Amino acid sequence: MDDAEKNLNKEHINVAFEMLNCKRVEQGAWFRNNNLPAACFVPVRFLEVVGYAYESVRKPHKKKQTLLEGCVGELVKGLIHPKKVWLEDVDVIYGVIEDKLSYHYIGVEIQLIDNTITLFHCGLPKANIKRALNQIQELAVLISAIKMELLGEEVNFEDISPFQVKFAEVLPKTKFPYNCGIFVVKMLECRSLGLKSMANINDETAMDLRSKLCCEIFDQFMDKDFQEGQRK
C-alpha cells in the first residue's frame with residue numbers, strides 16, 4: 001500500500017472501512033454531540049452482491065423472492081459485521097462500487113431516510129461512465145426494494161420508487177489511476193465526519209494520505225493487539 005504506483009485494492013479499503021466503523025463506536029459521543037447521523041461502512045463486495053438480485057426483482061419467479069437472505073440479509077439485519085441494523089442502528093450507509101474492468105472505485109453514500117444515493121468519484125474514465133451509471137441505477141432500485149422489505153411492504157417491481165442518484169459537488173480530482181482508492185476512502189471519511197472542505201485530498205498529498213492511513217490502521221488493530229498480548 002506504500003507504493004505510489006499501486007492503487008488501494010479491495011482488501012485495503014475493507015480494512016480502512018472496518019477502522020472507520022470502530023472509530024464510530026469508540027467515539028460515539030463525539031458523533032452524537034456533533035449531530036452527525038448514525039452511519040456505517042460496508043465491505044466492498046456488499047453492493048456488488050446486492051446488484052446480483054436485479055434480474056430476479058425485475059422478473060420474479062412464481063416463488064416469492066426476498067432480498068433479505070444470504071449475506072445481504074445478514075448484514076442489513078445486523079447479524080454480521082458491522083452488526084448495525086438498517087433503519088434502526090444506522091440511517092446512512094457508505095460503500096464503494098468497483099469497476100473491475102478499469103480497477104476504478106466510486107464512493108457511495110446511501111441515505112435511507114431521504115432515499116438518495118450520492119456518488120463520490122475522482123474522475124471516472126469517460127469510457128466507463130455509462131457502464132458504472134447503469135450499475136448504480138440498478139442499485140437505486142434494489143436499495144429501495146430492501147427498504148420496502150425491511151418496512152414489511154410487499155416488493156413488486158412496478159411499485160418500486162428508485163432512490164434518487166446524484167453526484168457530490170466540488171470533489172478533488174486525480175490525474176493518476178493509482179490514486180483513485182485513497183481519494184475515495186478519504187472523501188467518504190470526510191463526508192461521514194461532516195467536513196465540507198476536501199482540499200487536502202490531492203495528488204501532492206496522496207502518498208502522505210496512504211502513509212497516514214497505514215499508521216491509523218496499525219494503531220487501530222495491530223498496536224492494540226500487541227498491547228493486549230503484553231498484558232497477558
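Brief remarks follow.
- Taking label points 7 Å from Cα along the Cα-to-Cβ direction, HIS81 and GLU154 give a separation of 4.0 nm.
- The longest part of the chain holding none of the exposed loop GluC sites (Glu not before Pro), meaning those outside H, G, I, E and B in DSSP with at most 14 other Cβ atoms within 10 Å, is 89-152.
- The length gained on full extension between ARG32 and ASN200, counted as 0.36 nm times the residue separation minus their Cα-Cα distance, comes to 58.0 nm.
- Amide hydrogen proximity for PHE163: with H placed 1.01 Å from N in the peptide plane, the residues at 5 or more positions away or on another chain lying under 5 Å are VAL141, SER144.
- Considering only the chain, percent of DSSP beta bridges that pair antiparallel, nearest 5: 60
- Calculated from backbone phi, Karplus (6.51, -1.76, 1.60) coupling profile of segment 43-53 in Hz, x at Gly/Pro: x, 3, 6, 4, 5, 5, 5, 4, x, 4, 8
- Sparsely packed loop sites in segment 51-111 (the trypsin sites (Lys or Arg not before Pro) outside DSSP H, G, I, E and B with at most 12 other Cβ atoms within 10 Å) comprise LYS62, LYS63, LYS64, LYS100.
- Distance between modelled label sites at LEU193 and LYS166, nm, 7 Å Cα→Cβ extension: 2.4
- In this Cβ point-charge picture (+1 for Lys and Arg, -1 for Asp and Glu), the chain has a dipole of about 280 debye about its Cα centre.
- Our helix-only sum for the chain, with -39,500 (n - 2.57) per DSSP H run of n ≥ 4 divided by its residues, gives a mean residue ellipticity at 222 nm of -13000 deg cm²/dmol.
- Residue-wise HN-Hα couplings along segment 187-196, as the Karplus relation 6.51 cos²θ - 1.76 cosθ + 1.60 with θ = phi - 60° gives them from phi, are 5, 5, 4, 4, 4, 5, 8, x, 7, 7 Hz; Gly and Pro carry x.
Coordinate-derived values only; no laboratory data. Remember, it's a predicted structure, so these values are computed and weren't measured experimentally. Counting neighbours? That spans all protein chains shown, and the Cβs are built from the backbone with ideal geometry, glycine included.
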